[in-house]
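Worksheet for the structure shown next.
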Amino acid sequence: MVTTVSRPPAGIALRGLEKRFGDVVAVHPLDLEIAPGEFVVFVGPSGCGKTTVLRMIAGLDDPSAGAVWIGGRAVEHVEPADRDVAMVFQSYALYPHMTVRENLAFGLRMRKHAAADIERRVSRAAGVLGLEALMERRPGQLSGGQKQRVAFGRAMVRDPQVFLFDEPLSNLDARLRADMRREIAELHARLGATMLYVTHDQVEAMTLGQRIAVMRDGRLQQYAPPLEIYRQPANLYVATFIGTPSINLVTGDIVAPAQAAGRAEPSPCLVAGRLSLPLASQQSASRRVTIGVRAENLRVVPPGDSDFTSVVHRVERLGNESLVHLDGPLDDPWIARAAADWAGRAGDAVGVRLDRQHTLWFDAGDGRRLE
Ligand code: ATP
């Protein structure tokens with residue numbers, strides 16, 4: 001009979017992990033370390049390979065190359081059931097004919113846990129997840145959020161070394177998603193378990209992840225804590241994927257002082273439409289760059305004392321702030337954050353100032369961020 005052992009959380013290492021389906025490379029060789037007890041979110045658009053990574057860790061897909069290490073052992077030859085990981089799916093995968101209590105206990109019963117142990121684990125999960133009043137109901141009598149909680153509970157009772165979540169909240173409405181996000185974060189804080197979470201939702205990634213792995217077309221773009229991803233994105237792709245409203249971009253040429261003589265610029269500067277931005281001296285000349293400025297790093301000011309002149313198209317009043325839609329340096333729309341009671345209106349001629357410290361520079365060719 002199996003008795004309870006509360007194991008310490010396990011770290012995970014992915015070494016050259018790769019997956020091909022025929023000609024499709026779902027995951028290009030991936031190297032990644034996840035610390036014991038860490039909450040890591042894989043984020044990216046549909047088809048970027050994030051679910052495949054999770055499935056290889058769980059043992060549901062075999063890697064084409066490379067290895068998964070869990071808790072210091074390579075698990076290549078370890079069956080999914082013996083990997084000590086528990087996966088929670090978007091679909092909940094509850095048994096409709098069983099009560100909540102039976103759903104929670106089922107896996108343990110199959111693994112021949114002692115009755116008292118099952119009871120103890122089920123009660124604990126029910127307590128942590130607030131399911132006590134629902135124990136005799138069947139899934140058909142539960143709301144989406146309650147079903148999702150039962151699905152978490154089924155993972156929890158196993159006391160796994162690693163939790164894997166595959167888009168667990170995507171069936172829920174916005175309000176409930178926000179509630180469940182909080183619950184998952186609390187669950188992680190309480191259990192201290194290693195958790196891997198897959199989502200296409202950048203807000204979920206930012207709010208839940210201690211580190212975020214941003215994926216695109218089967219390739220890891222960046223692996224870093226949320227603020228670093230936001231403030232120092234590795235490339236244009238990450239910069240645009242993360243953040244709402246989307247980062248404002250403009251591409252222009254760096255013009256050397258001689259060429260810029262007509263504009264009386266003493267140092268090289270970036271010229272993009274109406275914007276002319278002097279460079280710090282160490283920045284290299286003669287290349288095409290894209291700059292990115294987040295909405296909160298723009299200031300709408302009276303025309304004149306500004307980096308470029310613009311026209312307001314629309315003001316979105318969100319209650320706590322206003323989003324000012326305006327012409328960017330090349331007329332593509334840009335969005336600036338302003339105070340809730342910002343006095344401007346559509347049609348106003350304004351100036352826009354960029355916060356130099358938070359302006360991001362990218363190589364316009366390959367999209368890499370330039371230091
Ligand atoms: P989603 O959010 O839509 O689930 P994802 O980022 O999780 O997307 P994966 O499901 O990992 O992406 O798929 C990655 C790529 O591998 C996709 O191009 C997909 O079509 C392909 N793929 C996944 N599973 C298979 C399979 N069993 N057979 C063939 N191709 C597959």
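Near K19, once Lys and Arg are set to +1 and Asp and Glu to -1 for all other residues with Cβ below 11 Å from its Cβ, the sum equals -1.
Where does the charge balance sit around D363 when Lys and Arg score +1, Asp and Glu -1, over other residues with C-beta under 10 Å from its C-beta? Net of charged neighbours comes to +3.
What Kirkwood hydrodynamic radius, in Å, does the stretch 164-274 give when the mean of 1/r is taken over all pairs of distinct Cα atoms and then inverted?
Working: mean 1/r = 0.0593 Å⁻¹.
One over the average 1/r among Cα pairs gives 16.9 Å for the stretch 164-274.
Tally the DSSP beta bridges in the chain and give the antiparallel ones as a percent, rounded to 5. Around 75 percent antiparallel, to the nearest 5. Each of F106, F21, F152 was scored by other Cβ atoms within 10 Å of its Cβ. Listed from fewest to most, they are F21, F106, F152.
Less than 5 angstrom separates the built amide H of D348 from those of V312, all sequence-distant by 5 or more or on a different chain. Taking every alpha-carbon pair under 8 Å whose residues sit at least 6 apart, the stretch 30-116 reaches a relative contact order of 15 percent.
Evaluating 6.51 cos²θ - 1.76 cosθ + 1.60 at θ = phi - 60° for every residue in the stretch 56-68, the Karplus couplings come out as 6, 5, 6, x, 7, 10, 8, x, 7, 7, x, 9, 10 Hz, glycine and proline recorded as x.
Derived scalar couplings between HN and Hα for the stretch 205-214 equal 4, 5, 7, 9, x, 7, 9, 10, 9, 8 Hz in order, rounded to whole Hz, by the Karplus curve 6.51 cos²θ - 1.76 cosθ + 1.60 (θ = phi - 60°), x for Gly and Pro. Full extension of the chain between L330 and R317 yields a length gain of 2.2 nm, computed as 0.36 nm times the residue separation minus the alpha carbon distance. Relative to the current alpha-carbon distance between A116 and E371, full extension at 0.36 nm per residue lengthens the span by 85.9 nm.
Among V289, V301, V198, which one shows the highest mean-square fluctuation when the chain is modelled as a Gaussian network with alpha-carbon springs under 10 Å? Per the Cα network of the chain with a 10 Å cutoff, V301 tops the list.
Grab the DSSP H runs of the chain that are 4 residues or longer, score each as -39,500 (n - 2.57), total them, divide by all residues and round the 222 nm result to the nearest 500 deg cm²/dmol.
-7000 deg cm²/dmol
Each residue of the stretch 293-308 is assigned a 3J(HN,Hα), and the resulting list reads 9, 6, 3, 7, 9, 10, 10, 8, 10, x, x, x, 7, 8, 7, 7 Hz, derived from the Karplus form 6.51 cos²θ - 1.76 cosθ + 1.60 (θ = phi - 60°), x at Gly and Pro.
A cut-off under 11 angstrom between Cβ atoms defines the neighbours of E296, and their net charge, with Lys, Arg +1 and Asp, Glu -1, is +1. Using modelled backbone amide H atoms (1.01 Å from N, in-plane), which distant-in-sequence or interchain residues come within less than 5 Å of Q222's amide H? Amide H neighbours of Q222: V214. For the stretch 22-138, the convex hull spanned by the alpha carbon atoms encloses 164 Å³ per residue.
May I ask you to sort E102, E76, E167 by Cβ crowding, counting other Cβ atoms within 10 Å and putting the fewest first?
Values: E102 16, E76 12, E167 19.
With the fewest neighbours first, E102, E76, E167 line up as E76, E102, E167.
For the chain, the normalised intensity computed at q = 0.09, 0.10, 0.11, 0.13 Å⁻¹ comes to -0.64, -0.75, -0.85, -1.03 (log10 of I(q)/I(0), Debye sum over alpha carbons, equal scatterers, no solvent).
Where a number appears in this text, it was derived from the coordinates with a stated rule and is not lab data. All values derive from a computational prediction rather than experimental measurement. All Cβ positions, glycine included, derive from the backbone under ideal geometry; neighbour counts span all protein chains shown.
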